[in-house]
Amino acid sequence: MQEFFMDYGLWLLIALLVVIGLVFLLSGKGKSAAVEDPAPVAPPVAAEPIAEPVVAPLVATPDPVPVAEPVVVAEPVAVEPVIEEAPAPAPIVEPTPAPIPASPAVAAPTDGADDLLKLKGVGPKLGALLTDLGVTRYAQIAGWSDSDIAAIDAKLGNFKGRPVRDQWIDQAKYLAAGDIAGFEAKYGKI
């Protein structure tokens, strides 16, 4: 490669300079023709003087001016303002989410809560949220109907869609029945 530049480098440099010169001349020729041959400009036209509008003089008419009769004004009567006491504002009470009852077919036992974290897709935050909503047992989840799922799903906030996507009802049926082997076969190790 070095030999190529040694043999032909001077010729390449000359060719490059010729190309640059041609480009410069061709681009400069177009500009110089435009400068030398400007478009003819029309001579300025003298503006005609603008006629001033004619204003008719105002003529006074001898109409009689009516005289206003004096108006009698009654003296103002002092009125005492009536101040009503505003009722005391009601104390602000934060609404607590009402627990969602289980389907009538499955009643929630009151002897303690199941570990909802065993359900795939339920973590600590979602488990706490479900507990706040009154969902504490696998049997409750296993007995949910479509309307129950819609009611819970509306209250899950950022976790919306998880009951259906993670198949909580099917998982809860296995866990409520105590079928750990069936659960692990379908959903993986607990």
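When the chain is fully extended, how far beyond the present Cα-Cα distance does LEU133 get from ILE190, taking 0.36 nm per residue of separation? Please list the in-between numbers first.
On the way: separation 57, 0.36 × 57 = 20.52 nm, distance 2.40 nm.
Length gained between LEU133 and ILE190: 18.1 nm.
Using the Cα centre as the reference, give the magnitude of the dipole from point charges on the C-beta atoms of region 109-187 (Lys, Arg: +1; Asp, Glu: -1; all else neutral), rounded to the nearest 20 debye.
Dipole size: approximately 280 debye.
List the pairs from LYS125/LYS173; LYS120/LYS160; LYS160/LYS189 whose alpha-carbon separation is above 20 Å, in the order I gave them.
Numbers: LYS125/LYS173 22 Å; LYS120/LYS160 15 Å; LYS160/LYS189 25 Å.
Where the Cα-Cα span goes over 20 Å, the pairs concerned are LYS125/LYS173; LYS160/LYS189.
Under the Karplus relation 6.51 cos²θ - 1.76 cosθ + 1.60, θ = phi - 60°, what is the ordered set of whole-Hz ³J(HN,Hα) values for region 142-150, x standing for Gly and Pro?
Coupling constants for region 142-150: 5, x, 5, 9, 4, 5, 5, 4, 5 Hz.
Run the 1.4 Å probe and let me know the accessible area of LYS186, rounded to the nearest 10 Å².
Rounded to the nearest 10, that gives 110 Å².
The values are calculated or read from the model by the stated rules, or taken from the named source; none is laboratory data. Computed from a predicted structure; not experimentally measured. Don't worry about glycine lacking a Cβ; one is built from the backbone with ideal geometry, like all the others, and counts go over all protein chains shown. With ligands, DNA and RNA removed, areas are computed over all heavy atoms of the protein, side chains included. Shrake-Rupley method; radii C 1.70, N 1.55, O 1.52, S 1.80 Å.
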